[in-house]
Amino acid sequence: MWRESKERAIGQKEMHTLDSHIYFLNNILLEHYQIDVVLIDDKVVGMIAYNEREISQLYIHTDYQGFGIGQTLLDKAKEQSSGKLILYTFEVNENARRFYEKNGFNIKSRGHENEENLPDILYEWISNK
């Protein structure tokens, strides 16, 4: 789900092997982020990796986008945040950009320092509470 959703969102084949992705998830991501998954009929349809300051990953299976799953995951991350969150998304991922901007994230900077060598956007959300 994670790999397929990313590939569709950016139009680029995943460069890492499945084994390296599993290693990253289990040994690197878990050290710094809480990971929540959404299951429907024992199938992973969404995931988020976040901590009190940052959202590292937020992916929803393409067949389940638009049903509020991403909204629920994002709202939970906001509730458990320090009152401010940052995240990166690829400039080409227009659906993600609309979603984050609709949810109060503002562009903080633009760049392209990532493995995919694609322009990305750093977004920031600050609670109004």
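Tabulated data
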{"item": "Percent carbon-and-sulfur accessible area, the chain, ignoring ligands, DNA and RNA, probe 1.4 Å", "result": "48"}
{"item": "Mean ellipticity per residue at 222 nm, deg cm²/dmol - from DSSP H runs of n ≥ 4 across the chain, formula -39500 (n - 2.57)", "result": "-7500 deg cm²/dmol"}
{"item": "Net length gained if the chain between GLN57 and GLN71 were fully extended (0.36 nm per residue, minus Cα distance)", "result": "3.7 nm"}
{"item": "Charge context of PRO119, other residues only, Cβ under 14 angstrom, K/R +1, D/E -1", "result": "-4"}
{"item": "Neighbourhood charge, 13 Å Cβ-Cβ cut-off, centred on GLN80 and excluding it, Lys, Arg +1 and Asp, Glu -1", "result": "-1"}
{"item": "Counted charge near LYS102, where neighbours are those whose Cβ lies closer than 14 Å (Asp, Glu -1; Lys, Arg +1)", "result": "0"}
{"item": "Dipole magnitude (debye, nearest 20) for the chain, charges at Cβ of Lys, Arg, Asp, Glu", "result": "480"}
{"item": "Region 16-77: GluC sites (Glu not before Pro) in DSSP coil with no more than 11 other Cβ atoms inside 10 Å", "result": "none"}
{"item": "Entries of LYS43/LYS108; LYS102/LYS129; LYS78/LYS108; LYS43/LYS78 with Cα pairs more than 23 Å apart", "result": "LYS43/LYS108; LYS43/LYS78"}
{"item": "Residue-span extension gain [HIS32 to GLU91] - 0.36 nm each, minus C-alpha spacing", "result": "18.8 nm"}
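The values are calculated or read from the model by the stated rules, or taken from the named source; none is laboratory data. Nothing here was measured: the structure is a model prediction, and the numbers come from that model. Positions of Cβ are generated from backbone atoms using ideal geometry, with glycine treated the same way; all protein chains shown enter the neighbour counts. Heavy atoms of the whole protein, side chains included, go into the accessibility calculation; ligands, DNA and RNA do not. Shrake-Rupley method; radii C 1.70, N 1.55, O 1.52, S 1.80 Å.
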